[in-house]
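**Q** One structure follows; several queries about it will come next.
The values are calculated or read from the model by the stated rules, or taken from the named source; none is laboratory data. Predicted model only: the values in this text are computed from it and were never measured. Backbone-built Cβ (ideal geometry, glycine too); neighbour counts: all protein chains shown.
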Ligand SMILES: [Fe+2]
């Protein structure tokens, strides 16, 4: 798995690196047949990291004056991912060993695709702006 593209905002880039680390751990756990409970714990931890990260990003996007329609679309994508995480927990798919590879792949796509398709669009907004950590 490649490293996430750098957005040029220290706090967001550090959060992305932590999320990628979490995904690598999840995938390693699924490969090595860790207990589904441990995977579910890590997924719960990731859910908290995602919620925190999305809140940071939304404040930064607001601060840099991202166009309202882009901001709304990006925030909508954050909500969609968080709803999907909650659905996986509710359905206990993360606690079912059979569905672990699928859950890990879904989690990987949340992060990798989101950073590539949404967050990378923020690079021009962040460039040359001294956006403080939130
Ligand atoms: Fe985002």
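**Q** How many of the residues making up the range 27-47 are more than 16 Å from the ligand (Cβ to nearest atom) and either more than 14 Å from residue 89 (Cβ to Cβ) or at pLDDT 90 or above (or both)? Write out each step before concluding.
**A** Filtering the range 27-47 down to residues more than 16 Å from the ligand (Cβ to nearest atom) leaves 27-45.
From the residues that got through so far, the ones that are either more than 14 Å from residue 89 (Cβ to Cβ) or at pLDDT 90 or above (or both) too are 27-35, 38, 45.
Result for the range 27-47: 11.
**Q** Return only the number of the condition from (1) under 22 Å from residue 25 (Cα atoms); (2) surrounded by 13 or more Cβ atoms within 10 Å (Cβ to Cβ); (3) within 16 Å of the chain's Cα centre (by Cα) that residue 119 does not satisfy.
**A** Exception for residue 119: condition (1).
**Q** Take residue 80 and tell me if it is within 14 Å of the ligand (Cβ to nearest atom) and more than 22 Å from residue 125 (Cα to Cα).
**A** Working: within 14 Å of the ligand (Cβ to nearest atom): yes; more than 22 Å from residue 125 (Cα to Cα): yes.
So residue 80 passes the test.
**Q** Based on this model, can you work out whether residue 113 counts as more than 15 Å from the ligand (Cβ to nearest atom) and either within 19 Å of residue 5 (Cα to Cα) or surrounded by 13 or more Cβ atoms within 10 Å (Cβ to Cβ) (or both)? Steps first, answer last, please.
**A** Numbers: more than 15 Å from the ligand (Cβ to nearest atom): no; either within 19 Å of residue 5 (Cα to Cα) or surrounded by 13 or more Cβ atoms within 10 Å (Cβ to Cβ) (or both): yes.
No, not satisfied.
**Q** Look through 62, 54 and report the one residue that is in a helix (DSSP H, G or I), without any contact (Cβ under 8 Å) to a residue 40 or more places away in the chain, surrounded by 16 or more Cβ atoms within 10 Å (Cβ to Cβ) and within 16 Å of the ligand (Cβ to nearest atom).
**A** The unique qualifying residue is 54.
**Q** Can residue 82 be described as part of a helix (DSSP H, G or I) and either touching a helix residue (DSSP H, G or I) at 6+ places or on another chain (Cβ under 8 Å) or modelled with pLDDT of 90 or more (or both)? Step through it out loud before you land on a result.
**A** Numbers: part of a helix (DSSP H, G or I): yes; either touching a helix residue (DSSP H, G or I) at 6+ places or on another chain (Cβ under 8 Å) or modelled with pLDDT of 90 or more (or both): yes.
Taking the combined requirement at face value, the residue satisfies it.
**Q** Which condition breaks for residue 34 when tested against (1) within 25 Å of residue 129 (Cα to Cα); (2) part of a loop (DSSP other than H, G, I, E, B); (3) free of Cβ contacts under 8 Å to residues at least 24 places away in the same chain?
**A** Of everything listed in (1) within 25 Å of residue 129 (Cα to Cα); (2) part of a loop (DSSP other than H, G, I, E, B); (3) free of Cβ contacts under 8 Å to residues at least 24 places away in the same chain, residue 34 misses just condition (1).
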